[in-house]
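The values are calculated or read from the model by the stated rules, or taken from the named source; none is laboratory data. Predicted model only: the values in this text are computed from it and were never measured. Here the Cβ positions follow ideal geometry from the backbone for every residue, glycine too, while neighbour counts run over all protein chains shown.
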Amino acid sequence: MRGVVHQNNIEEMSPIFNGVEITAQNIMMARSFLLCMEKGERSFGVASVSIFDKKLSTILNILGNLSITKSHKIAVVGRGLFDSKSAEYYDLIEELDFKRSKELAINIYSSNKGIDFIDFDELKEVGVSASKLLKSYDSLFWEIPSLDEIKRSPKSIYPYLVWLDRFSLVVDRESCPVEIDETISILNSLGVNTHSILD
């Protein structure tokens, strides 16, 4: 794998983008994912049973506090990434350039910080597998579909979930304990390790 951070190439390290909130919790969260990346894990997911959809903001907070070598290729895969509801987050990333991937036959939006954003629905429609995506990127961060979506379309979603190494779950005070347990249970049954519970 290219571009994992080590002490001997510290001079190449820099935050992926600026503008996210730098807090002790976000720094610790980013470092925990970095340790997983150094161990060879490459595919990470964020699920949510929160009343507010905080998956994208959580991923950006992880990446915004992450220092990696410049050669490390990262993609964020999500639902409705280019809807108006997500626009506020892209102010943190600054410019996004559209490109068409000939290799993957999908549309990709690239930030000027080296992160690619890919729409999950397009991946499924075109039939690009997670394994093929992992041949093009060093690390993937996925917005995991809601529990209801997973239950409605397991045959189309499970083939992507099984490629996750681990996931974090976003919860809040209104989160249903049964839904939390069921989300964890489904992902664990697919061999995906629980990384953290975030609120």
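Taking the stretch 48-88 as the range and being part of a loop (DSSP other than H, G, I, E, B), out of contact with any Lys or Arg (no Cβ under 7 Å at 6 or more places or on another chain), of a type in the set (Ser, Thr, Tyr) and at pLDDT 75 or above as the test, only 50 passes.
Taken over the stretch 151-199, residues that are among the aliphatic types (A, V, I, L, M) and out of contact with any helix residue (DSSP H, G or I) (no Cβ under 7 Å at 6 or more places or on another chain) amount to 6. Of the residues making up the stretch 100-120, those that are over 23 Å from residue 62 (Cα atoms) and either under 16 Å from the mean Cα position of the chain (by Cα) or not in a strand (DSSP E or B) (or both) number 4.
The rows are residues; the columns are (1) more than 20 Å from the chain's Cα centre (by Cα); (2) under 28 Å from residue 31 (Cα atoms); (3) not aromatic (Phe, Trp, Tyr).
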{"site": "142", "(1), (2), (3)": "no, yes, no"}
{"site": "148", "(1), (2), (3)": "no, no, yes"}
{"site": "155", "(1), (2), (3)": "yes, no, yes"}
{"site": "161", "(1), (2), (3)": "no, yes, yes"}
{"site": "176", "(1), (2), (3)": "yes, no, yes"}
{"site": "198", "(1), (2), (3)": "no, yes, yes"}
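Among the residues of the stretch 155-170, those identified as out of contact with any strand residue (DSSP E or B) (no Cβ under 6 Å at 6 or more places or on another chain) and not small (Gly, Ala, Ser) are 155, 157, 158, 159, 160, 161, 162. Of the helices (runs of 4 or more DSSP H) lying entirely inside the stretch 128-192, those carrying at least 1 residues that are touching a residue at least 40 places away in the same chain (Cβ under 8 Å) and surrounded by fewer than 20 Cβ atoms within 10 Å (Cβ to Cβ) are 130-134, 147-152, 177-189.
Scanning the stretch 21-41 for residues that are surrounded by fewer than 17 Cβ atoms within 10 Å (Cβ to Cβ) and part of a loop (DSSP other than H, G, I, E, B) gives 21, 22, 23, 39, 40.
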